[in-house]
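Data block below; observations after.
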Amino acid sequence: MTSVLSNPSTATATERTERTATRRRYLMCRPEHFAVEYSINPWMHPDVGVDRDLAIRQWEELRATYVSLGHRVELLDPVPGLPDMVYTANGATVVDGTVLGARFRHAERAAEAAAHRDWFSGAGFERVVEPRFVNEGEGDLLVVGDVVLAGTGFRTDPRAHAEAAAVLGRPVLPLELVDPRYYHLDTALAVLDDTTIAWLPEAFTPASRQVLRSRFPDAIVADPTDAAVLGLNAVSDGRHVVLPAQATGLAATLAGRGFTPVPVDLSELLKGGGGPKCATLEIRG
Ligand code: ARG
């Protein structure tokens with residue numbers, strides 16, 4: 001085994017970094033009406049059965065995991081006929097208490113947007129904005145420190161990027177996705193803390209890869225096998241990283257960088273093309 005003593009420079013600061021968790025507030029929606037009845041991404045096969053009871057148990061486990069980590073979980077009421085509503089990440093983007101609502105690309109999910117806006121208005125959020133252009137919430141808009149990374153290519157309209165910057169008051173960094181399996185930014189890139197990301201370079205255009213490489217030189221580059229189980233669809237509080245249990249390689253890499261991986265099994269939600277992050281909307285401020 002190569003000893004760090006043989007090359008002192010490999011004993012990097014990151015290996016010894018003490019990661020700090022901060023308490024989060026999340027919005028989740030119990031998968032009471034979850035099903036795969038239509039196909040709007042390559043993961044969805046309506047002919048493959050979904051075990052809804054198992055989906056609910058796995059989701060309860062995810063919720064219990066957040067609570068045990070000290071986070072606060074709010075609940076959005078599930079609506080019959082909206083089988084993808086469990087993926088709350090797509091319903092809004094919330095920064096400093098401002099709520100940028102979503103506008104869905106596909107008619108099947110369109111009605112979820114109003115359910116989210118109503119929830120935020122009812123919860124006392126004063127600035128809830130109905131957007132003009134298609135944006136699928138935190139599926140494509142990921143807050144990293146002071147900037148918002150904004151995906152496009154499959155779902156979110158590129159014109160929504162400027163709209164998000166104006167509404168949220170943060171600079172937006174546009175990124176273009178190229179692989180239909182990674183149709184939302186949060187399937188190809190995970191935000192670990194205010195300066196650290198994990199990502200799959202192959203999921204982006206060469207120009208976007210360049211942007212990410214120069215902005216995040218210390219990023220964790222995920223292995224394609226971990227990305228292929230939606231390992232990057234992870235939720236971090238700065239220290240604990242809740243990720244799909246099948247993404248064992250990524251979990252080991254995270255541990256080596258001082259994070260604490262927290263594996264969860266969401267096999268049923270994966271059939272709809274989502275993982276832990278898709279089922280979790282962060283409420284900031
Ligand atoms: N079936 C859903 C769709 O295709 C899955 C959404 C996953 N959400 C996410 N944040 N990536 O829209």
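Could you tell me the relative contact order of the chain? Use alpha-carbon pairs under 8 Å, at least six residues apart, and round to a whole percent.
22
Given the rule -39500 (n - 2.57) for each run of at least 4 DSSP H residues, summed and divided by the residues of the chain, what is its mean residue ellipticity at 222 nm, to the nearest 500 deg cm²/dmol?
-6500 deg cm²/dmol
Roughly how far apart, in whole Å, are the Cα centres of segment 223-285 and segment 161-213?
Cα centroid to Cα centroid, the span is 16 Å.
Across segment 170-179, in residue order, what do the Karplus-derived ³J(HN,Hα) couplings come to in whole Hz, using 6.51 cos²θ - 1.76 cosθ + 1.60 with θ = phi - 60° and x for Gly and Pro?
After applying 6.51 cos²θ - 1.76 cosθ + 1.60, I find 10, x, 10, 10, x, 9, 10, 8, 10, 10 Hz.
Got a number for the accessible area of residue 67? Probe 1.4 Å, square angstrom, nearest 10.
The accessible area of residue 67 comes to roughly 80 Å².
Can you tell me which of 47-57, 156-166 comes out highest on packing, and rank the rest after it, using the mean Cβ neighbours within 10 Å?
Answer by packing, highest mean first, reads 156-166, 47-57.
So how tilted is helix 112-122 from the main axis of the chain? Cα-based, degrees 0 to 90, rounded to 10.
So the inclination is approximately 90 degrees.
Could you order 20, 280 so the one with the most accessible surface comes first? Probe is 1.4 Å.
My answer, sorted largest first, is 20, 280.
Which parts of segment 94-118 would a label at residue 22 reach, counting a residue when its backbone N lies under 16 Å from a point 7 Å out along Cα-to-Cβ?
94-98
Could you list the residues of segment 65-82 with an amide nitrogen less than 16 Å from a label point located 7 Å from the Cα of residue 118 in the Cα-to-C-beta direction?
Correct set: 75-82.
For a Förster distance of 41 Å, can you work out the FRET efficiency between the beta-carbons of residue 265 and residue 166, rounded to the nearest 0.05?
0.55
Pop out the carbon and sulfur fraction of the accessible area of segment 123-218 as a percent, whole number, probe 1.4 Å.
Its accessible area is 50 percent carbon and sulfur atoms.
Could you sort the peptides 95-108, 180-193 by per-residue average Cβ neighbour count (10 Å cutoff), highest mean leading?
Highest mean packing first, the order is 180-193, 95-108.
Roughly what would the spin-label model give for residue 72 and residue 126, points 7 Å off Cα along C-beta, in nm?
1.8
Residues in segment 164-196 near a label at residue 205, defined as backbone nitrogen under 11 Å from the 7 Å Cα→Cβ point?
Backbone N within reach: 174-178.
Have a look at the DSSP beta bridges in the chain and tell me what percent are antiparallel, nearest 5.
45
The values are calculated or read from the model by the stated rules, or taken from the named source; none is laboratory data. If you're wondering where the values come from, they're calculated on a predicted model, not measured in any experiment. Ideal geometry is used to build each Cβ from the backbone, glycine not excepted, and the neighbour counts take in all protein chains shown. Remember, those area values only see protein heavy atoms, side chains included, never the ligands or the DNA or RNA. Shrake-Rupley method; radii C 1.70, N 1.55, O 1.52, S 1.80 Å.
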